[in-house]
Amino acid sequence: MTEPLTDAQKRELEAKLLERLRRDCDESQSIGYPPRVFRVMISESGPVGACIRVIAAKRIPDGFIRLLELNRLDLTAEHAVLDGPWRCLFAQNVLEAARKRLRDYNRPDLALS
C-alpha cells in the first residue's frame with residue numbers, strides 16, 4: 001500500500017496534468033479540432049474535474065469522436081489520465097472507463113497503464 005499524497009504532491013500532479021492537457025488541446029487545434037468546450041471545462045472544473053466529466057459522460061463526447069475521425073485518440077482525456085504519474089488522482093472506476101472507451105474504439109495500445 002502506498003502512502004496517501006500530500007496536498008503539495010496533489011497540486012504538483014494536477015499542474016503537470018494541466019500542462020499535458022493544454023499541450024494536447026494546442027495539438028488538437030493545430031490539426032483542425034478546436035477543443036473549446038473542453039478548455040472551458042478545464043477552467044471551470046480544473047484538470048481532474050474536466051477529465052472526470054468527459055470520461056464519465058454517458059454519451060461519447062463530440063471531441064472524442066472528432067479526434068477519432070482525425071486518428072488522434074492519443075489527444076483525448078481518456079489517454080491523458082492513463083498516461084502519466086497523475087493516474088493516482090483518479091478513482092479506479094474513472095481509469096477503467098477511460099480504458100474501456102479506448103479499447104471500444106480499437107486503441108487498446110492507448111489503454112495500457
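The values are calculated or read from the model by the stated rules, or taken from the named source; none is laboratory data. Given the structure is predicted, the values throughout are model-derived calculations rather than measurements. Every residue, glycine as well, gets a Cβ built from its backbone with ideal geometry; the counts of neighbours run over all protein chains shown.
Here I31 fits the description: free of Cβ contacts under 8 Å to residues at least 60 places away in the same chain, surrounded by fewer than 17 Cβ atoms within 10 Å (Cβ to Cβ) and of a type in the set (V, I, T). How about the stretch 34-69: which of its residues are of a type in the set (A, V, I, L, M) and exposed (fewer than 15 other Cβ atoms within 10 Å of the Cβ)? Across the stretch 34-69, the qualifying residues are V37, V40, A56, A57, I60, I65. Among the residues making up the stretch 11-37, those that are closer than 20 Å to A91 by Cβ, under 13 Å from the mean Cα position of the chain (by Cα) and hydrophobic (A, V, I, L, M, F, W, C) are L17, L18, L21. Considering only the stretch 59-70, state which residues are assigned to a loop (DSSP other than H, G, I, E, B) and more than 13 Å from the chain's Cα centre (by Cα). Answer for the stretch 59-70, where residues must be assigned to a loop (DSSP other than H, G, I, E, B) and more than 13 Å from the chain's Cα centre (by Cα): R59, I60, L70. Condition first: assigned to a helix (DSSP H, G or I) and among the aliphatic types (A, V, I, L, M). Can you find one or more residues in the stretch 24-32 that meet it? No: the stretch 24-32 contains no residue that is assigned to a helix (DSSP H, G or I) and among the aliphatic types (A, V, I, L, M).
Residues in the stretch 1-23 that are among the aliphatic types (A, V, I, L, M) and assigned to a helix (DSSP H, G or I): A8, L13, A15, L17, L18, L21. A single member of R101, R72, R107 is surrounded by 13 or more Cβ atoms within 10 Å (Cβ to Cβ), farther than 30 Å from T6 by Cβ and modelled with pLDDT under 95, and it is R107.
Taken as a whole, the structure places L21 among residues that are hydrophobic (A, V, I, L, M, F, W, C), buried (at least 16 other Cβ atoms within 10 Å of the Cβ) and touching a helix residue (DSSP H, G or I) at 6+ places or on another chain (Cβ under 9 Å). Each residue in the stretch 85-98 was checked for being over 17 Å from L67 (Cα atoms) and either surrounded by 16 or more Cβ atoms within 10 Å (Cβ to Cβ) or among the β-branched types (V, I, T) (or both), and 7 of them qualify.
Confirm whether N106 is more than 23 Å from I31 (Cα to Cα) and polar (S, T, N, Q). Here the answer is no, as N106 does not meet what is asked. Looking across the stretch 71-95 at every residue that is part of a loop (DSSP other than H, G, I, E, B) and not hydrophobic (A, V, I, L, M, F, W, C), the one that is farthest from S28 (Cα to Cα) is identified as G84.
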